[in-house]
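Novice: Attaching a single structure in structure tokens format; questions to follow.
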Amino acid sequence: MLEVTAATIRSSFVNATRRELADLVLPDLAETAWDRLDYLGWRDPRLSKRAYIVVPLDDGTVGIVLKQAEASPRSRAQCSWCQDITLPNDVVLYGARRSGAAGRNGNTVGTLICADFECSRNVRTLPPTAYIGFDVEAARTRRIETLRTRSGDFATGIVEGN
């Protein structure tokens, strides 16, 4: 992911209300390892059920406000984005309002994501060798590409209202 500024992040949100933008608390961008991220995700430090993601797309960056479902995080669930099943990450159901008229009409989309947005780290971990001759580096590369596709598809769905 290319490094983005605080101003770029704030202006990228497609489903945020003015109040949500005013309340937005950004993570420490100076400490962010941009070269190891496929998307930027963080939880709101003041509102435990609110989180944010910023996803790079071909035509720009898309920011999305997420709301955690009331259900408890599950350590046995599989993240829809990184599809990690070997690490003990909690996975939660996040919902997001669609942008534009669809979102104002109450249309939302939900997805299971690692509770603390560890997907980029998870897909970069070498997978176990499945068989003799298994190319673990190619498998890791495929996992990174799949994460980028899945997060991008989610963001596109929020923007386009599909």
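Novice: Give me, ordered by chain and number, the residues 5 or more places off Arg50 or on other chains with an amide H under 5 Å from its own placed amide H.
Specialist: For Arg50, whose amide H was placed from the backbone, the distant partners under 5 Å are Asp44, Gln68.
Novice: Follow-up question, since we're still on this one. Mind checking which of Phe117, Ala69, Thr156 is farthest towards the positive end of segment 6-160's charge dipole, using Cβ charges of +1 (Lys, Arg) and -1 (Asp, Glu) about the Cα centre?
Specialist: Looking along the dipole axis, the top candidate is Ala69.
Novice: What's the angle, to the nearest 10 degrees (0 to 90), between helix 136-160's Cα axis and the longest principal axis of the chain?
Specialist: The angle comes out near 20 degrees.
Novice: Run lengths n ≥ 4 of DSSP H only: what is the helix-derived mean residue ellipticity at 222 nm for the chain, with -39500 (n - 2.57) per run over all residues, to the nearest 500?
Specialist: -9000 deg cm²/dmol
Novice: A follow-up question, please. Which of Leu57, Leu37, Leu21 moves most in a GNM of the chain, Cα contacts under 10 Å?
Specialist: Leu21
Novice: Return the loop-located trypsin sites (Lys or Arg not before Pro) in segment 1-79 (DSSP other than H, G, I, E, B) with at most 11 other Cβ atoms within 10 Å of their own Cβ; answer none if there are none.
Specialist: Details: sites: Arg10, Arg18, Arg19, Arg36, Arg43, Arg46, Lys49, Arg50, Lys67, Arg74, Arg76; in loops: Arg46, Lys49, Arg76.
Here the sparse-neighbourhood loop sites are Arg46, Arg76.
Novice: On to the next question. Apply the a/c threshold of 1.5 to the C-alpha gyration tensor of segment 93-159 and tell me whether it is rounded, prolate or oblate.
Specialist: prolate
Novice: Also, I was wondering about something else. Please find, in a Gaussian network model of the chain (springs between Cα atoms separated by less than 10 Å), the residue of Thr146, Thr129, Thr32 whose mean-square fluctuation is greatest.
Specialist: Residue with maximal mean-square fluctuation among Thr146, Thr129, Thr32: Thr129.
Novice: Right, something else. Quote the Stokes-Einstein diffusion coefficient, in whole µm² s⁻¹, for the chain, based on the Kirkwood radius over alpha carbon pairs, a temperature of 25 °C and a viscosity of 0.890 mPa s.
Specialist: 150
Novice: I'd like the chymotrypsin sites (Phe, Trp or Tyr not before Pro) in segment 115-162 restricted to DSSP loop residues with at most 12 other Cβ atoms within 10 Å, sorted by number. Show your work: numbers first, answer last.
Specialist: Numbers: sites: Phe117, Tyr131, Phe134, Phe154; in loops: Phe117, Tyr131, Phe134.
The qualifying sites are Tyr131, Phe134.
Quick note: the coordinates plus some simple rules give every number you see, no bench work behind them. These figures come from a predicted structure and were not determined experimentally. Cβ atoms come from the backbone with ideal geometry, glycine included; neighbour counts cover every protein chain shown.
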